[in-house]
Ligand code: 6PG
């Protein structure tokens, strides 16, 4: 048994766990860290402790009882392990060893429904549970991530000092960690963050595809660089410029990377949540499907042999036109993401604060961007992006640019999944009439599903013997 009393504990020393541990230790907290010493991980704790032997406030454990015993009460344990069934196994091991009032924080990308279930399980066992979305990758974890904690407010307050001190800072020096709401809300928000991330990545990939018909990687990097200051600036744009320029000898590394995109599921979870809640997030699902389509590499290669592409007569739109279309698509992406959160907030009574969510996403996370600062301001008075000053006018003014980009995509056979989804969302949301009257008539024709009438104000449903 150890006589050290740590103020905080981290369970799991993978890439994210070890980076966040060093971040916590840097802030001066007495910190206990645990990793199992089996299954190929025998040396993890030893190696970590040796590499950081200068940090006297860091205490390593491979024995779970000793780890738990090393912490002052109420214990605060951040688990940083792969999301999925392992989290349940770890909770099953941890909970019986903990005391009333101890707080477990799941910092992985857990599904919000699992977080809700685990939250309830912990409540039954007298242990507090926080599901915290953490974004920023390895560097963010080490230097300051964006943190989205959900659970009981009182439990959050027990751990807020540590979480808030390790998070990134916004432009005004405020921490990019804020209490989100009850049960699974923190992980829901992180899931939507990842959905928005998928789209932001896909939009850049689509522009890259279209530009690369006639441009070198360096020329594309220059275009992106010219957008990278001011209102379009973002982390994902910045890293894309670096990626485009990265060389291996004389060759661009990007040209050697196999065009099959992977995923760990959070993008598809956002789409599923949107389907469940009945809200259109067409851009996120398009981004997910674009990744899926890319994975059919062998079939694509085989069929491409039978298709002749003539790109000679293809005219690229002016860079400024593409820029405006990109800006418009990004706004619509954020509109869809925030609308998804709004509906979840209403359905689950979470009372989410969108201005604060935009603020904690203004730094530390993968989708940090200049736009988040504007949204932080905008959501102080509006709950809808399209109602914000300038946004609607801006979108209306640049509809033609988005159309020009889509036209160029058609001419060059460049697929523009997300740009297309953005355009039709905008068109539909600003159309007085949609052909849904015909859908209703068809439904009523074959299934007596009934319809409402434009010449009846009662809202009643009617059926016709067609
Ligand atoms: C973050 C990232 C992080 C991770 C994604 C990648 O916010 O730090 O979103 O969570 O990079 O899980 O997801 P895919 O593997 O599905 O692209």
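No value in this document is a laboratory result; all are computed from the given coordinates. Treat the numbers as computed from the prediction; the structure is a model and nothing was measured. Methodologically, a virtual Cβ is constructed for each residue, glycine included, from the backbone with ideal geometry; neighbour enumeration extends over all protein chains shown.
Taking only Cα atoms, what is the 0 to 90° angle, nearest 10, from helix 235-245's long axis to the longest principal axis of the chain? The angle comes out near 80 degrees.
With neighbours defined as other Cβ atoms within 10 Å of a residue's Cβ, the residues 308, 260 order from fewest to most as 308, 260.
In the chain, the longest principal axis of the Cα atoms and the axis of helix 436-447 are about 80 degrees apart. Roughly how tilted is helix 153-166, in degrees to the nearest 10 and between 0 and 90, from the longest Cα axis of the chain? The helix 153-166 is inclined about 90 degrees to the chain.
Using the average count of surrounding beta-carbon atoms within 10 Å as a protection proxy, the listed peptides 458-465, 115-122 rank, highest first, as 115-122, 458-465. From the alpha carbon centroid of the range 17-78 to that of the range 167-196 is 25 Å. Tally the DSSP beta bridges in the chain and give the antiparallel ones as a percent, rounded to 5. Counting only bridges with both partners in the chain, antiparallel ones make up about 30 percent.
In the chain, the calculated helix contribution to ellipticity at 222 nm averages -16500 deg cm²/dmol per residue, counting -39,500 (n - 2.57) for every DSSP H run with n ≥ 4.
Quick check on the exposure proxy: order 303, 80 from fewest to most C-beta atoms within 10 angstrom.
So the ranking, lowest neighbour count to highest, is 303, 80.
Ordering 46, 313 from the fewest to the most neighbouring beta carbons within 10 Å gives 313, 46.
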